Amino acid sequence: MEPKVIVITGASAGIGAALAERLSEGGHHLVLAARRATELRAVAARCRSAIAVPTDVCQREQVEALRDAALAAFGHIDVWINNAGQGIAKSVQVLTDEDFDTVMAINVKSALYGMQAITPHFQARGTGHIINISSFLGKVPLVPYRSAYNAAKAALNALTANLRMELAVSHPGVAVSVVLPGVVTTEFARNALGSAPGGGAAPAATFSQTATEVAERIVGLIAAPTAELYTNEGQAAMAAKYVQDVGAFEANLRQQGRPR
């Protein structure tokens, strides 16, 4: 794969940091964004060709400034990855307005700002790739206590699909993808708002991946764009089964003692 200019939000830790380091190994030029400036600059320092742009992606003007910084540094952008996100561990019954608004802002509006900031550049060039990092939980209600997070990722899935359909007609050279990880061993769960029942252990019948493993799958997606990427291939089949018969799927979960 030829070197590309790639913007990654949420790059100070977890999947974003692992992806930055993996892409750096491939000779790509990186523009890394996150709110935590110290951690972000540490990640950039570990990469061969990277700049750190401290950014609050919940602020539209800062996302636009991120785009402008990338263009000033490298002249163009090839790939924009909306990776910033935050979880929450509260059931539907106890969510507050603040809870819901915060989770939607971090997981959905931030990606919307990114898509709106970069799409005109990709349209003008006739090429580009938008990648939104969502979650398998936006497809299947396997962990109900992450209700608002799951809802946010479902909304992100829908926005991604609709933008993809729009651009497929007017600008077929611009790819739009959604990545759907399952359980990933990062600090994400510890940083979630609220507290999960039983400490928030992964549901039965799931297995975790490392951030590096997820990053490797995303590198493959950049090389060969597709509409959706489940980083855990077994969960693609699970999502398809859920859609085929929602009632039977949920009844089976209850029989297994989930949701808890």
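The rows are residues; the columns are (1) within 17 Å of Ala33 (Cβ to Cβ); (2) part of a helix (DSSP H, G or I); (3) among the charged types (D, E, K, R); (4) out of contact with any helix residue (DSSP H, G or I) (no Cβ under 7 Å at 6 or more places or on another chain).
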| residue | (1), (2), (3), (4) |
| --- | --- |
| Phe100 | no, yes, no, no |
| Ile106 | yes, yes, no, yes |
| Leu112 | yes, yes, no, no |
| Met115 | yes, yes, no, no |
| Ile118 | yes, yes, no, no |
| Phe122 | no, yes, no, yes |
| Ile131 | yes, no, no, no |
| Val140 | no, no, no, no |
| Val143 | no, no, no, no |
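Write out, first by first residue and then by second, each pair whose Cβ atoms fall under 7 Å of each other, whose residues are 6+ apart or on separate chains, and whose first residue, in region 52-75, is free of Cβ contacts under 8 Å to residues at least 12 places away in the same chain and surrounded by 17 or more Cβ atoms within 10 Å (Cβ to Cβ) while the second is among the hydrophobic types (A, V, I, L, M, F, W, C) and part of a helix (DSSP H, G or I).
If the second residue must be among the hydrophobic types (A, V, I, L, M, F, W, C) and part of a helix (DSSP H, G or I), no pairs are left.
Given the criterion modelled with pLDDT under 80, in contact with a helix residue (DSSP H, G or I) (Cβ under 9 Å, 6 or more places away or on another chain), closer than 19 Å to Leu142 by Cβ and aromatic (Phe, Trp, Tyr), identify the matching residue among Phe207, Phe249. Even if it seems obvious, please write down each step before you answer.
Values: Phe249 fails: modelled with pLDDT under 80.
Going through Phe207, Phe249 in turn, the sole match is Phe207.
Please go through region 91-120 and pick out each residue that is closer than 18 Å to Trp80 by Cα and either surrounded by fewer than 17 Cβ atoms within 10 Å (Cβ to Cβ) or of a type in the set (Gly, Ala, Ser) (or both).
Result: Ser110, Ala111, Gly114, Gln116, Ala117, Pro120.
Mind checking whether some residue in region 131-151 is in contact (Cβ under 8 Å) with a residue 12 or more places away in the chain, surrounded by fewer than 16 Cβ atoms within 10 Å (Cβ to Cβ) and closer than 29 Å to Pro172 by Cα?
Taking every residue of region 131-151 in turn, none turns out to be in contact (Cβ under 8 Å) with a residue 12 or more places away in the chain, surrounded by fewer than 16 Cβ atoms within 10 Å (Cβ to Cβ) and closer than 29 Å to Pro172 by Cα.
When you look at Ala239, is it small (Gly, Ala, Ser) and at pLDDT below 95, yes or no?
Yes.
The values are calculated or read from the model by the stated rules, or taken from the named source; none is laboratory data. Just so you know, these numbers come straight off a predicted model, no measurement behind them. Reconstructed Cβ throughout: ideal geometry from the backbone, glycine too, with neighbour counts over all protein chains shown.
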